[in-house]
C-alpha cells in the first residue's frame, strides 16, 4: 500500500519559549489508570501533535495541531467549543499559538483560535469526526506545574506516569520539567515514543526518565518511509542508546499483514534488544478500531502469524515476548 498523495507530513519545530513566556505543551487527554502503558498501574498522558503520519494510525486526531478552521465550533452539541476571543477564555484552553489560521473572527494578533471548555465537554467526539485536518480542538495548553496538579490526585494509586501522544518527544523541554516534579513525588516516569526525536545528548531529559517504550514499525528504510513518512535510522539509534543506558522498558511492533514485512521487522528488533534480557518485545495485533476509514477493512493478523513472529524473536535471544 502506497502513501496517499494528500497526506502532508506535519512539522513541529521545537522552540524554546520567549523570555517571560510560560513553558506549555498541548495536552489531549489524561487516562487516570492504565495497565498497558508500562510497568504496573500508571497514569497515561497524551500530548497533541506527531511528526509521523502512519497509514494505520489508531489515533489520527492526535497527529496535527488545530488550524482554527472552525468546522467544529457550530457542530459541538454541548457548546464546549467557541471562538476564543468571543468568551475571553484563557489561552491555555485555546489552540496552540502557531497552529492557527488568519481570517474570520480573530484575536488581537489577527489569528483565530478555537477555545475548548473542558468542564462543558461531554466527550461525544463530534468535533473529531468532522475535523478535516486529523486534529482535535479538545486541547489544554498546560504548564508542567499545571499538568502535575492534574495528575497528583492519582498518585496514591499508581506506580508512575507515562507520556504518550501523538508524539510526546516533540516537547522534551516540557517533559524534563514535568518529570522532575513527578520524580520528586516518588513516582516513575515512562516515555512512549515513536523514536524519531534523537535522544543523544539530551542528558537532562534522560536523567529524569526512568524508562522508554519505543515503537519499531518496520524493519527496512523503504518499509518505514512508506508506512510513516520518516526514516528508520533515528528509531534504531534511540533503541540502542536507551538500551545501553538501562532506560528501555520495551519495543513494540504493530503487526499489519501486507503493509510491511513483519518478519524483517521482528528480526531487526530482536537483534537490537537480545543483548539486554530485561527489555521485552511486545507484538501487537493490528485491530481496525479507531483507524482511518480508508484503512478499516485491512485484515487483522492471524494467531498463527503472531506465534511465528514470537518464535523468531525468541530464537534471536529475546527473553520476554508478549503478544497483545
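None of the figures in this text is laboratory data; all of them are computed from the coordinates on show. Small disclaimer: the values here were computed from a predicted structure and weren't measured. No Cβ is skipped: glycine too gets one built from the backbone with ideal geometry, and neighbour counts run over all protein chains shown.
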- Query: Of (1) 74, 53, 41; (2) 62, 46, 33; (3) 67, 60, 33, which one was derived for Cα extents along the principal axes in Å from the structure shown?
  - Reply: (2)
- Nearest 10, in degrees from 0 to 90: the angle of helix 233-244 to the longest Cα principal axis of the chain is 70
- Message: Between residue 184 and residue 125, what is the label-point separation in nm under the 7 Å Cα-to-beta-carbon projection?
- Response: 3.7
- Per the helix-only calculation at 222 nm, which mean residue ellipticity applies to the chain, given -39500 (n - 2.57) for every DSSP H run of n ≥ 4 and division by its residues, nearest 500 deg cm²/dmol? -7000 deg cm²/dmol
- Query: For the range 33-78, what relative contact order do you get, as a whole percent, if you take Cα pairs closer than 8 Å and at least 6 residues apart?
  - Reply: 25
- Most fluctuating of 160, 195, 271 in the GNM of the chain (C-alpha, under 10 Å) is 271
- Item | Efficiency of FRET between residue 204 and residue 118 - r from beta-carbon atoms, R0 41 angstrom, step 0.05 | 0.85
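Distances over 24 Å make up what percent of all Cα-Cα pairs in the range 186-324?
Numbers: 2870 of 9591 pairs.
Of the Cα pairs, 30 percent sit more than 24 Å apart.
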- Checking 296, 164, 115 against a Gaussian network model of the chain (alpha-carbon springs below 10 Å), the top fluctuating residue turns out to be 296
- Return, for the Cα atoms of the range 107-177, the radius of gyration and Dmax in Å, separated by a comma. 15.1, 45
- In whole percent, what relative contact order does the chain give with Cα contacts below 8 Å and a gap of six or more residues? 16
- Message: I want to verify a result. In a Gaussian network model of the chain, Cα cutoff 10 Å, which of these has the top mean-square fluctuation: 292, 120, 225?
- Response: 120
